[in-house]
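K.L.:
Sharing a structure below in C-alpha cells format, with a few things to ask.
The values are calculated or read from the model by the stated rules, or taken from the named source; none is laboratory data. In this text the structure is predicted, and so the values were computed from the model without any measurement. Here the Cβ is made from the backbone with ideal geometry for all residues, glycine too, and neighbour counts use every protein chain on show. In case anyone asks, the SASA skips ligands and DNA or RNA and just uses the protein heavy atoms, side chains included. Shrake-Rupley method; radii C 1.70, N 1.55, O 1.52, S 1.80 Å.
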Amino acid sequence: MRELAQRVLGDEEAWVVGGAVRDELLGRPVLDLDVACADPLRAARAYAKQSGGAAFPLSERHGAWRVALDDGRTVDFTPLRGTIEDDLATRDFTVNAIAVPLSGGEAVDPFDGRRDLADLSLRAVSQHIFEDDPQRLLRAVRFVDQFGFRLADETVELIRASAHLAAKPSGERILAELEQLSAAGLRLLDELGVLQPLGGSVAELQDADSAAIRLPRVFGENLERFPLSNDHRRRLRTLLRAEPPPDDSPRQIHRFRRATEPWALEALEFLGASELQPVVEEARRNEPAQPLVRGDELGLPPGPEVGRLLERIEEERAAGTITTRDEALELAARERQA
C-alpha cells in the first residue's frame with residue numbers, strides 16, 4: 001500500500017500518520033494506511049485507479065477521502081493544512097500524533113508519542129480533543145480495552161469532565177465503537193461516566209456475556225435509539241420479550257423456540273438459562289425436514305385459522321403425540337370441532 005501511495009504522490013509532501021505509524025511502532029500488522037497530503041481527492045482517485053479500489057469521501061466536512069481495496073484494507077487521504085506539526089496538533093492522542101514521511105525519513109513526534117507508546121500510556125494531545133470530536137471519549141476506552149493502553153491520569157479527568165458530550169456523535173459512530181467493547185470495556189465506560197449519557201447501565205452485565213447479548217444487556221430497549229439493522233432490531237426485541245421455558249420437555253422447548261428462533265440460544269443466555277442450550281441444539285438437529293401436512297390440505301380457506309392449526313400440529317409433533325399425516329389431519333379435525 002505504501003509503495004503505491006509513494007508512486008501516486010511522487011515528490012509531493014506527504015506523511016504517514018495515525019494508526020499505521022502507531023501499529024508499526026508497536027510491532028502490530030499494519031492493515032490500513034492514513035496519508036496526510038495537499039490534495040486528498042486527487043490522491044484518492046489516482047490511488048483507486050491504479051489499485052482497482054473504490055474511492056469515496058470519508059468526511060466532507062474535513063475533506064478526507066478513502067480508498068477501499070478488494071482485500072478489505074483501506075487507504076485514507078486527509079488534507080495537510082499548514083505544517084505537519086499543525087496537523088498532528090489536531091489529533092486525538094499522543095500515540096496517534098506521530099508522522100513519518102511517506103518517502104521515508106525521521107519521524108516527527110512533537111508530543112512524545114513514542115514515549116507513551118513504550119509505556120502503553122494513552123494521553124490526550126490537548127484539552128480540547130473531546131470537544132472537537134466527542135466520539136474520542138469512546139475511542140479512548142476502546143484503545144484501553146483492545147490494545148492494553150492505560151489512561152494517563154490527566155486524560156481520565158478530561159474524560160470525566162467531557163462525559164456529558166458522549167451522545168453528540170451520530171448514532172452510527174457511537175454504535176460502531178460500542179460493538180467493539182468487551183464487558184470490561186463497558187464497565188470502564190461506566191466508571192468514567194460516559195455510559196450513562198448514552199442510556200446504558202452495567203447493573204445486569206455479566207463478564208461472561210457473549211458479544212451477541214452484551215449491548216442488549218447494557219442498554220435494553222434504549223439500544224433502539226441507535227440505528228440498528230432490521231435483523232439486529234428483531235433480535236433485540238426477541239431477547240427482551242423472551243421468557244424462559246418452565247421445563248426442558250419437548251413441548252416447552254418447542255414453544256420457546258417458536259418464540260425466539262433464530263436466536264433461541266442467545267435468548268437462553270440472556271435469560272440466564274444457558275443450561276438448556278444443549279436441549280435446544282438437539283431439537284434443532286431433530287427438526288423434521290418436511291411438515292406432516294400443508295395448509296392447503298386442511299380443507300379451509302387461507303387465513304389465521306390455517307396458521308393456528310399448523311402451529312398446533314407442529315407442537316404436537318414436537319411433543320411426540322402425533323407422528324403421521326393421518327394423525328395430523330385427525331388432530332386438525334378435532335380442533336375445528338372444539
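K.L.:
Which value, to two decimals, describes the C-alpha radius of gyration of the chain once divided by 2.2 N^0.38 Å? Working shown, then result.
P.N.:
Values: Rg = 27.6 Å, N = 338, 2.2 N^0.38 = 20.1 Å.
So the chain has a normalised radius of gyration of 1.37.
K.L.:
With point charges of +1 on the Cβ of Lys and Arg and -1 on the Cβ of Asp and Glu, referenced to the Cα centre of the chain, which listed residue (74, 263, 100) lies farthest in the positive direction of the dipole?
P.N.:
Positive-most Cα among the choices belongs to 263.
K.L.:
For the chain, give the share of DSSP beta bridges that are antiparallel, in percent and rounded to the nearest 5; count only bridges with both residues there. If you can, show how the numbers build up before the last one.
P.N.:
Numbers: 17 of 24 bridges.
The antiparallel proportion sits near 70 percent.
K.L.:
For residue 170 and residue 290, calculate 0.36 nm times their separation in residues minus their Cα-Cα distance, and state this gained length in nm to one decimal. Walk me through the intermediate numbers first.
P.N.:
Numbers: separation 120, 0.36 × 120 = 43.20 nm, distance 4.60 nm.
In short, 38.6 nm is gained.
K.L.:
Then there is this: If you add up the charges near residue 205, with Lys and Arg at +1 and Asp and Glu at -1, over every other residue whose beta carbon is less than 10 angstrom from its beta carbon, what do you get?
P.N.:
Value of the local net charge: -1.
K.L.:
Using a probe radius of 1.4 Å on heavy atoms only, what accessible surface per residue do you get for the stretch 255-338? Whole Å² is fine.
P.N.:
Numbers: 5100 Å² over 84 residues.
Heavy-atom SASA per residue in the stretch 255-338 reads 61 Å².
K.L.:
A follow-up question, please. Take the stretch 1-145, compute every pairwise Cα distance, and split them into 10 Å bins from 0; I just need the percent in each bin.
P.N.:
12, 42, 36, 10, 0
K.L.:
Which order, highest average first, do 139-149, 310-320 follow once you tally other Cβ atoms within 10 Å for each residue and take the mean per peptide?
P.N.:
On the way: 139-149: 19.4, 310-320: 17.1.
Ranking, from highest mean packing down: 139-149, 310-320.
K.L.:
Expressed as a whole percent, how much of the Cα-Cα distance distribution for the stretch 57-129 exceeds 15 Å? Before the final figure, lay out the partial values.
P.N.:
Working: 1668 of 2628 pairs.
So the portion of pairs separated by more than 15 Å is 63 percent.
K.L.:
Just going by the charge dipole of the stretch 102-251, with Lys and Arg at +1 and Asp and Glu at -1 on Cβ, which of 201, 158, 110 is farthest out on the positive end?
P.N.:
With unit charges placed on the Cβ atoms, the residue in question is 201.
K.L.:
Calculate the dipole size of the chain relative to its Cα centre from +1 charges on Lys and Arg beta carbons and -1 charges on Asp and Glu beta carbons; express the result in debye to the nearest 20. Intermediate values should be presented prior to the final figure.
P.N.:
Values: 44 positive and 61 negative charges, 139 e Å.
Magnitude of the dipole: close to 660 debye.
K.L.:
Rounded to the nearest percent, how much of the accessible area of the stretch 239-332 (1.4 Å probe, protein heavy atoms only) is carbon and sulfur?
P.N.:
Details: 2740 of 5480 Å².
For the stretch 239-332, the apolar C and S fraction of the accessible surface comes to 50 percent.
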